[in-house]
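S.K.: Dropping the structure in here first, questions after.
Nothing in this text is a laboratory measurement; each read-out follows from the coordinates by a stated rule. Just so we're clear, the structure is a prediction, and the values are computed from it rather than from any experiment. Because the Cβ atoms are built from the backbone with ideal geometry, glycine has one as well, and the counts that use them run over all protein chains shown.
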Amino acid sequence: MVVTALGPDWFLEADVLFDVFFLLTTALVTTMGWRAYKFFDEERYKTFTTGFFFITGSYLLLTLSNLFIMLELREADYSLREVVSLINLTTMGFFLYAVLFLIGLVYLLILYMKVEQRAVKLLLFALVIFSVLLSHQVKSVFFVLTAMLLLFILVQLGANYRAKRKRNALLVLIGFAAVFVGEVLLVALFLTPMLYAIAGGLTLFGYLCILGTLVIR
Amino acid sequence: MKKRERTEVVADILLVVQQAGGSIKPTHLLYKANLSHDALKRYVDELEKGGMLTTGEKNGKRAYHLTDKGYDFLAKYRQFRDFSDAFGI
C-alpha cells in the first residue's frame, strides 16, 4: 500500500507487513512467469513476467521506504529539517512506487488487450508515467489510473474464466477484483482514513487468492 | 514453427504415450498424435536424443517408452499450462 499519513495510525505496522506479503506474492508470480517463459519461450510469458517484475519492484521499494520511515519515526526529538527530510523521503518513495506499479500494470494491459503496435505501447507508457509525473495530486491520479488499468485487466480475466472454467482462473479473477475494489476505495480516501485500512484488507485478500493459485494444485 | 507450438506438439506426443500406459507401438502413436509420418519421425528422433523417449519392446513388438525425463517434462508442462490458464496468458 502507500506510505503513512493516509491511513489511521494503528494501521501503520500492519501496512508494512501487508506490503511484505504483497512483495512475496508478486515475487512468486514473477518467478513462476519467468520459469514458464523459459519453458515455452513465448513472448507473452515474457510480457507477463516483466509486468509482475515491475509490480514486485514497486512493492520492494515501498516496503523498504516504509520500513525505514517507520523505524525513524520511533526516534524522538526530530528537528524541523529532519521532519522535512522524512516527508521528502516519503513522497519520493511513494512516487517511485507509483511509477513502477503503473509500468507493471501497463505491461499486463498490453498482454491482455493483445496490443501489438509498438507506438501504442509507447503511448500507454507515456500517458501513465507523465500523468503521475506532472500531476499536483500524485496520489489521487495514481489511484484513479490504477483502478482504470485494473478494470480493463479484470474484464479480460473474466473472459478467460468464462472460456476456461477453471478454479484457479476464478481465484485469479477474484484476486484481481478485490485489488481493484481496494483501489476504488482509495480514490474515495478523502472521505475517511478508515477506507485505507479497508482497502488494505481487500488487497490482502486479493493477493491471498492469487497466492492460492500457486500453492493449490 | 514457433517454439511454443513445438512444445505443444512434444507434449501431445508424450501425453499419448503416457495415456497408453507409458509405452506405445509406432503405428498407434502415428494414429493418435495426428502428425504426418515424417513429422512424427522427426519429433520422435528428437525426443529419443533428448532422453524423453526410448525404443524398446512391448508384447514382442517394437514400441516407444516414456522415460523419467519424459514424465518430468509432462509434469512441468501441466504445471505451466495450469499457471497459464489461471492467469489468462
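S.K.: Provide Rg and Dmax in Å for chain B, with only Cα atoms included in the calculation.
M.R.: 13.3, 46
S.K.: If you don't mind, another one. At 7 Å along the Cα-to-beta-carbon direction for both A:D9 and A:R167, put a label point, then send me their distance in nm to one decimal.
M.R.: Once both label points are built, they end up 4.5 nm from each other.
S.K.: Determine the gain in length on full extension of the stretch A:E116-A:M92; use 0.36 nm per residue of separation and subtract their C-alpha separation, reporting nm with one decimal. Display every interim value, and only then the final one.
M.R.: Numbers: separation 24, 0.36 × 24 = 8.64 nm, distance 3.30 nm.
Using 0.36 nm per residue and subtracting the Cα-Cα distance, I get 5.3 nm.
S.K.: Something else: So if each residue of separation counts as 0.36 nm, and I subtract the Cα-Cα distance between B:T55 and B:A75, what length gain in nm does that give?
M.R.: Details: separation 20, 0.36 × 20 = 7.20 nm, distance 2.14 nm.
Taking 0.36 nm per residue and subtracting the Cα distance, the gain is 5.1 nm.
S.K.: Check the straight Cα-Cα distances from B:K25 and name the aspartates and glutamates below 14 Å, setting aside those fewer than 8 residues away within the same chain.
M.R.: B:E57
S.K.: HN-Hα J couplings of the stretch A:48-54 from phi, Karplus 6.51/-1.76/1.60, θ = phi - 60°, integer Hz, Gly and Pro as x?
M.R.: So the Karplus estimates, Gly and Pro as x, are 4, 5, 4, x, 6, 4, 5 Hz.
S.K.: Would you kindly compute the Cα radius of gyration of the stretch A:19-69 and its largest Cα-Cα separation (Dmax), both in Å?
M.R.: Computed over the Cα atoms of the stretch A:19-69, radius of gyration and Dmax are 12.3, 42 Å.
S.K.: Right, another one. Helix A:167-187 sits at what angle to the longest principal axis of chain A, using alpha carbons and giving 0 to 90 degrees rounded to 10?
M.R.: Once rounded, one gets 30 degrees.
S.K.: Taking every pair of distinct Cα atoms and averaging 1/r, then inverting, what Kirkwood hydrodynamic radius in Å comes out for the protein assembly as shown?
M.R.: Numbers: mean 1/r = 0.0457 Å⁻¹.
Mean inverse Cα-Cα distance, inverted, gives 21.9 Å.
S.K.: Right, something else. Taking the square root of 5 times each eigenvalue of the Cα gyration tensor, what semi-axes in Å does the equivalent ellipsoid of the stretch A:98-217 have, largest first?
M.R.: So the equivalent ellipsoid measures 24, 21, 10 Å along its semi-axes.
S.K.: By average Cβ neighbour count within 10 Å, what is the ranking of B:49-62, A:194-207, A:96-109 from highest down? Can you show the working numbers first?
M.R.: Working: B:49-62: 12.8, A:194-207: 20.4, A:96-109: 22.2.
Put in order of decreasing packing, that is A:96-109, A:194-207, B:49-62.
S.K.: Excluding residues fewer than 8 places away in the same chain, name every one of the aspartates and glutamates whose C-alpha is closer than 17 Å to that of B:K69.
M.R.: B:E8, B:D12, B:D45, B:E46, B:E48
S.K.: Given the -39500 (n - 2.57) contribution per DSSP H run of 4+ residues, what per-residue ellipticity at 222 nm results for chain A, rounded to the nearest 500 deg cm²/dmol? Write down the numbers at each step before the final one.
M.R.: Values: 7 runs with 179 residues, N = 217.
Using -39500 (n - 2.57) per qualifying helix, the result is -29500 deg cm²/dmol.
S.K.: Here's a follow-up. Which lysines, on any chain, are close to A:K121 with Cα under 16 Å apart, when same-chain ones fewer than 8 places away are left out?
M.R.: In chain and number order, the partners are A:K46.
S.K.: Okay, moving on. Where does helix A:118-133 land angle-wise versus the long Cα axis of chain A, in degrees 0 to 90, nearest 10?
M.R.: 20 degrees
S.K.: Can you tell me the mean projection area, over all orientations, of the convex hull of the stretch A:165-217's alpha carbons? Units nm², please.
M.R.: Details: hull surface 13.5 nm².
Computed as one quarter of the Cα hull surface, the answer is 3.4 nm².
S.K.: Rounding to the nearest 10 and keeping the result within 0 to 90°, find how far the Cα-based axis of helix B:68-87 lies from the longest principal axis of chain B.
M.R.: So the helix axis and the longest Cα principal axis differ by about 30 degrees.
S.K.: While we're on this one: About the Cα centre, and with charges only on the beta carbon of Lys, Arg (+1) and Asp, Glu (-1), how big is the dipole of chain B? Nearest 20 debye, please. Intermediate values should be presented prior to the final figure.
M.R.: Values: 16 positive and 12 negative charges, 32 e Å.
So the dipole magnitude of chain B works out to roughly 160 debye.
S.K.: If you count, for every residue in B:73-82, the Cβ atoms of partner chains within 10 Å of its Cβ, what is the mean? Each step should come with its number before you reach the end.
M.R.: Numbers: counts 1, 0, 0, 3, 2, 1, 5, 9, 3, 8.
Neighbouring Cβ atoms belonging to other protein chains average 3 per residue here.
S.K.: In the stretch A:129-217, if the dipole is taken from +1 on Lys/Arg beta carbons and -1 on Asp/Glu beta carbons about the Cα centre, which of A:Q137, A:G175, A:L189 is farthest to the positive end?
M.R.: Projecting each Cα onto the dipole axis, the largest value belongs to A:G175.
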